[in-house]
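Peer 1: Before anything else, here's the structure in question.
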Amino acid sequence: MADPASTPLGKMLLEEITPVVMVLCTPYVEESCLKNGLSLIQLLSPFCDFTNIDVPVRTASDQPYRLRKFKLRLFYSSDIRQPNLEVAKERLKKVITHVGEKNFVESSDPSQVNNLLSRPESEMLPSWFQFFNKELVRTLSFSDHEAFDHPVACLLVVSSKDDEPVNRFVDLFNTNKLPSLLNDGAMDPKIMKHYLLLHDNQDGPFNKATKLLADMRNAFGQNDCQIICFNSSQDGKIHHQDNPWASFKSDALPTENLGCFLNLDDLNEIKDFMQELSSKHIIPYMEQKIRVLNQQVSATRKGFRNQIKNLWWRKGKEDTIDTPNGPVYTFNSIESQIRILGDYAFMLGDYELALSNYRLISTDYKLDKAWKRYAGVQEMMGLTYFLLDQSRKDAEYCMENAFNTYLNSVAAGIEEVIMRIHRTNLAKSSACDLLWMGIVACNSLKLGSAGRRNATRCGIWWAEMLKTRDQLKEAATVYFRICGEDTLHSAVMLEQASFCYLLSKPPMLHKYGFHLVLSGDHYKKCDQIKHAIRTYRSAIPVYKGTTWSLIKDHVHFHIGQWYALLGMYDVAVTHMLEVLASTHQSKTTQELFLRDFLQIVQKTGKTFEVLKLQLPVINISSLKVIFEDQRTNASAAAASVKESLWRSLEEDMIPSSTARFNWLELQSKIIPRKYKESNICVAGEALKVDIEFKNPLQIPISVSSVSLMCELSANPEEDANSLNNEVQNNEDRTSTSYGYVFFYSCVLHDDCRDINSCLILSEVDFSLEGGETTVVQLTVTPRIEGILKIVGVKWKLSSAVVGLCNFEFNPVNKRVVRGRRKQHSPSSDLKFLVIKSLPRLEGFIHSLPEKTYAGDLRPLVLELSNQSKFPVKNLKMKISNPRFLYAGNQKELNADFPACLKKKMNVEKSGSHANVNKTLQNLFHFPEDISVQEETSLSWPLWFHAAVRGNIPLYITIYYEMEGVSSIMKYRTLRMHYNLQVLPSLDVSFQLSTRPSRSQEFLLRMDVVNKTSSECFQVHQLSSVGQQWEISLLQPVDSILPSQSLFAGQSLSCFFMLKHSPVDLIILKISLQDRRRSSTSEDSIPSLSHIQSDVRLGPQDNSEAFFDVSSSPLADFHDCERSSQGMSSQVVIFLPLRSSPSSMSPISWLVDGPRTIQHNFSAPLCEVNLKMTITNSSDAIASVHINTFDSPSSNNQPIDDATTSQPPEHQSGWSEIPIVNDTKIITTEALTTRVPKSLSLESVPHYIWSGTSSTKLVLQPRSTAEIPLQICVFTPGIYDLSNYVLNWILTPVDDGENQGEANKSSGVCQGYPYYLSVLESNFKD
Amino acid sequence: MFLSEITAGAKIREEEMIVCVAVVGHQNNPLYIQSFTDADDALKLHHIVHCSLDVVDERVNNPKKSGPTLNETFLGLLYPTENYKVYGYLTNTKVKFILVTTDLDVRDGDVRNFFRRFHAAYVDAVSNPFHVPGKKITSRTFADRVSTIVQSFGLSSAV
């Protein structure tokens, strides 16, 4: 450790514990001094501090030592008394307030804890603490229990102007006016006197003064009298460069020229006088006094005998003195003398001597129970230990002891008083008791406060001592303990404690924060609001960034409130903002926060714009920008569809095959390169921005005037271009030859007054309940060309505060819906190149149902309207799902539905398939001559057919071109999106079975089930497509379905006969009409087709025409269904059946040959040639393997009738209907030949297959092959030629057409019975 | 005001009991703070808990030299204020448990026992797959269990 004297505490002690000189002067003296703006003491004070005096001192020991530093404290006699408590308090308060004002202005907040610590220590610790502590210590001076404040000498000053100066000197030292300390016996009134004659040179010549001095010397002695001449300067213009009085007159105005009449000689004279006074008079006097006292003490107290005597004597007087303060000691008591000896030794720097005397006296005081004096001595011992730099432990122990004793002396005093009350007043009445108690309380309070204040001083010194030794934590504890009932002082102490925690290694920041908050709280209680704010603000960095939100809210809220009290509403608001979105607080607290906040905002008298308003919370990641460039949306639903979906839909429609960037590349010459990647929007068309707002609080809030903040500026490219064409476009040199698009230049900024005419911003108001979240759509419509930038959003909270939120804030999370796939900076996502207004088609499909039944067929009307001044042409349309929707002919627009679907005699059937190719490609070209003129609309018929049930999205894109409007954009697309819900209506399934031995006739079974929950259907008609087929009912419908309509859940089975047999697909078609709709049509033209390909299923007496299945919409939709075969097995109207004449397996065969043979069995062998026709009806290559086996026993499987109809592993075309499952067996029985089992079993004569026993062949898709077969018969009889097995394997063709049947399938088929009768023909031969 | 009691040493002797328990994460973030007083002193208790973290840090950084204390989780008395005693406990994952009590002469064993049970409750709470580590503990079961433990504080040793 460094020299203790050079530590802050050491310096403080050397300044504060120094000899006191009592100054007595006449009014004339003061008057002369005041010419300089100074009092006498102020005038002399600068010269009382000797830092390099170098005086030899000899105290008790014989060895002299040299005193380097010395200081005198000058006081007027009137000030030598214990200061008035109230006055002292007032002064301290003033000090604090003053500091508060000063620091408040210059305080700057460190935002981070790290910053806080990185500053140098001296900067961190406010300097005013030292000053305050000193002031606080001074309030306790001139206590009777310690001697270092007792005047050592008396300086009597008389002016040469005074009458009879010698008498004045005598008058001055009049005992009546002397301080009470000297009068009440606490100190020796015989003190050293020094006489000074002050001569003001302005008052007259020096001669008179010298004569007076001679008189004085005669009267008071040669050495004790001196003269000072001053105010030598006549004009008072002397200006002291280094003003020595500045620190002694703190309240001096800066304009005041202190010491203006004092020239250098005067100053030197004063200086010399003070030095002489201290070195020649005061120090020798003190030395002498120490020696005398020491001798006395040695005589009475040192040595074994004296100690015993002392001990015995003290025991003896124990009971006699009984006051709270212990015994009263007068100046000539030995205890006081020892104390004086110690203090003098201390002041002269002889700490060893001081310590030994303190030790001596402390035991005495302890024995005497003079607690206050004991504490005072302990205190001094601690300080002496410190200055001796010995035994830290002892020093601390002494300080703690002193501190506790000061505090306990209060308690001890109270205790004794109470004891006395008890002793004397036990018999008195209770009223008396109360009276006494009151007096006691008053006494103890007074004592308590004095003791406390002493303890405070002791604590300050103790804490300083600990700080010097880097025991900052302990120092903080001491400061904390100092806190007493004086709130203001406590506040300062707590603040000092907090700094101790901050400076401790490692810093204890939590405690730092806590003590600051405590301190602030105390400051607030004393109305030191500025201090309170300062401390709370210092605490902010501690809590910043932590999740201790309760504390954080408390701090911010109070700072806000206090700033509001000071009228600094702006700052108040910023702090209140911090607590606004406190979700964790209770509802009442949130209400309080919000209410106070709004009140403060109101008081500011202006609408606040707050950048980081947390209420409501904006979910930036939810930001969605919807804009339209060449792609326009018919509805909001279309905008929410994924871009990739549209892109794939539009791929072959927009001009080039490399669709995406092509339109840009084409025009790269025109658009500056910089903007190639920025988004484009069209003037007059709204940009929509979806933002999510959330109320984090539990209380409702109202938000109004929510709008976007946008900047619209002229194209900077253009501006730069005009300035420096060459430089700007160096890399783009070729482009200059093409010139730039000319923009109407209008430089706009935020503050531009006519921004309203250029931008239209939507405003939204809403209110949010507690915890509610809402998505708001905001729009901005640029009116002129330029660069539009969406900067952020602003809103008004409770119509008082404007919140702003910049979108650049958290760019990572931003999502721009229409952003190009390329990665580019987020700022460009919100930047748009506004181009000139363009035509924009509005599209709408009339009466498109949202909910319908599967199979519903109806005409719709698409309406396209053009609101602009320019025509558009070259329209194309693409529909994502042609099974549901396709464009009709314009002439169909006003056709009567459903009558238009009916068969007409004169219609050429073959000519109605004009649209097939177009619809297959999904792309519909409107006729060349069709264009949408300006401000008109175009209607176009569409056919709608609910092909599949489920939730069906429909995407429609309409492409159109406009000419001569903009060179940037030549075409646009209109995107429409609808969602359909298709409910199940009828389930239709078919089963086709061959008629035995007639491969050209089939039995068709149709099962129809009404799957709706409530609807009722009427089945009208079954038609086969393809004119080769003739279909007829086996029994009249009336007998199956008398009610003629199919109610919900009802099922129907019908049987039909089909004739004719090209090997081709059979497509069956049933037209269904909702009864309600079909009842409107009445047409009486009978069907006269050659072949009956339609069957009426409705009422037979109905003479309605059949619906023409080969006419336009029906046939087209049918084609669609065909092309999407395999995708669905639940089609109602058009049920594709892939079927072969004999079974459901893709492979069918027919064994053909003679049925009856006559053979002469004289020749033993009868060979019969048969032909097997194998048909592959699938789209796959089939490899067929025919195995014949001769012995019926080798085939253990019973030849069941059902085998043929049992499905193999794979069965296509059959849609399962569980409801009719039970009837299935019956039907199969009905459909297959009823061969009596007995017959087949009985008549199994032996025959053998001749020729190959195994044949393998490969069949191409949809082809037929013939295989010769031969058997040998040995005896006449009836033979069942079913002893063979067909194995088939289907290998899909790899041309990708048959995705639905990609699986390899295989199956085994038993041969079916073929009966051959062989007769004996002997007779004929 | 709320803070006056701390400094002025007001002699409001409540029933001697646990007034607050807290779980503080390894970044000194509060995970769970529950006070068991009727008074509106949440802020004060927050401050006390927050303050005691300094002492926890100090204890952790300057462990006593002797071996057995190396793995000791119980930190002992942290912070004697005039009205309260604050005890600390540190888990292996540097999660701190803080106990604030008005009971001025608590037996060490009681406190240790309390912390052991509290630790078990905490482990069960964070083992919940729906608990996000580092976030506040919101489990109602945990809260119920803690209040049970708090209520039975000091009783077990008396038996």
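Peer 1: How many nm separate the modelled label positions at A:Leu860 and A:Lys94, each set 7 Å beyond the Cα in the direction of the Cβ?
Peer 2: So the two model labels end up 9.1 nm from each other.
Peer 1: For the stretch A:20-102, state which trypsin sites (Lys or Arg not before Pro) are in a DSSP loop and have at most 13 other beta carbons lying within 10 Å of their beta carbon.
Peer 2: Those satisfying the criteria are A:Arg68, A:Arg81.
Peer 1: Turning to a different aspect of this structure: So what are the radius of gyration and Dmax for the Cα set of the stretch B:17-154, in Å?
Peer 2: Cα-based Rg and Dmax for the stretch B:17-154 come out at 14.2, 43 Å.
Peer 1: Moving to a separate point now. Taking the Cβ of A:Tyr960 as the center, what net charge do the other residues with Cβ under 10 Å away carry, scoring Lys and Arg +1 and Asp and Glu -1?
Peer 2: Surrounding charge for A:Tyr960 is +3.
Peer 1: Let me ask something else about it. Once the Cβ-Cβ distance between A:Asn889 and A:Ser937 is put in as r, and R0 is 22 Å, what FRET efficiency do you end up with, to the nearest 0.05?
Peer 2: Approximately 0.75, to the nearest 0.05.
Peer 1: How high is the FRET efficiency between A:Asn84 and A:Lys544 when r is their beta carbon distance and R₀ equals 56 Å, given to the nearest 0.05?
Peer 2: The value I calculate is 0.80.
Peer 1: Which whole number gives the average, over all residues in A:540-553, of C-beta atoms from other chains lying within 10 Å of the residue C-beta?
Peer 2: Per residue, the average neighbour count from other chains is 3.
Peer 1: Hey, got a sec? Which GluC sites (Glu not before Pro) in the stretch A:844-899 land in a DSSP loop and have at most 10 other Cβ atoms within 10 Å?
Peer 2: Passing both the DSSP loop test and the Cβ count: A:Glu850.
Peer 1: When the Debye formula is applied to the Cα atoms of the stretch A:1-99, each taken as the same point scatterer, what base-10 log of I(q)/I(0) results at q = 0.19, 0.20, 0.22 Å⁻¹?
Peer 2: Relative scattering, expressed as log10 I(q)/I(0), comes to -1.18, -1.21, -1.25.
Peer 1: With the crude spin-label approximation of a point 7 Å out along Cα→Cβ, what separation in nm comes out for A:Thr210 versus A:Lys642?
Peer 2: 11.7
Peer 1: Compute the distance in nm between two label points, each set 7 Å from the Cα along the Cα-to-Cβ direction, one at A:His925 and one at A:Ser635.
Peer 2: 3.0
Peer 1: While we're on this one: Give me the number: length gained by fully extending A:Glu31 to A:Ala1163, i.e. 0.36 nm times residue separation minus the C-alpha to C-alpha distance, one decimal in nm.
Peer 2: 389.9 nm
Peer 1: Which order do the peptides A:520-527, A:24-31, A:976-983 take when ranked by the mean count of other beta-carbon atoms within 10 Å per residue, highest first?
Peer 2: A:520-527, A:24-31, A:976-983
Peer 1: Sort B:136-145, A:338-347 for me by packing, meaning the mean count of neighbouring Cβ atoms within 10 Å per residue, highest on top.
Peer 2: Top to bottom by mean Cβ count within 10 Å: A:338-347, B:136-145.
Peer 1: Determine the sum of side-chain charges near A:Pro849: Lys and Arg each +1, Asp and Glu each -1, restricted to other residues whose C-beta is under 9 angstrom from that of A:Pro849.
Peer 2: Taking every Cβ under 9 Å from that of A:Pro849, the sum is 0.
Peer 1: Which ³J(HN,Hα) values in Hz, rounded to whole numbers, follow from the phi angles of the stretch A:574-591 under the Karplus curve 6.51 cos²θ - 1.76 cosθ + 1.60, where θ = phi - 60° and Gly and Pro get x?
Peer 2: 4, 6, 5, 4, 5, 9, 4, 9, 7, 6, 7, 6, 6, 4, 5, 5, 4, 4
Peer 1: Report the FRET efficiency, 1/(1 + (r/R0)^6), for A:His239 and A:Asn174, where r is their Cβ-Cβ distance and R0 is 41 Å, rounded to 0.05.
Peer 2: Once rounded, the FRET efficiency stands at 0.55.
Peer 1: Please report A:Lys530, A:Lys869 as a ranked list, fewest other C-beta atoms within 10 angstrom at the top and most at the bottom.
Peer 2: A:Lys869, A:Lys530
Peer 1: Which whole number gives the average count of other chain Cβ atoms within 10 Å of the Cβ atoms across peptide B:23-32?
Peer 2: Mean shielding count: 2.
Peer 1: Pairs A:Lys891/A:Lys1011; A:Lys530/B:Lys85; A:Lys587/A:Lys694: which are spaced more than 26 Å apart, C-alpha to C-alpha?
Peer 2: Checking Cα-Cα distances, A:Lys891/A:Lys1011; A:Lys530/B:Lys85 exceed 26 Å.
Values quoted throughout were computed directly from the atomic coordinates according to the rules given, and no laboratory measurement underlies them. Just so it is clear, the model here is predicted, and its values are computed rather than measured. Please note: Cβ atoms are built from the backbone with ideal geometry, for glycine as well, and neighbour counts cover all protein chains shown.
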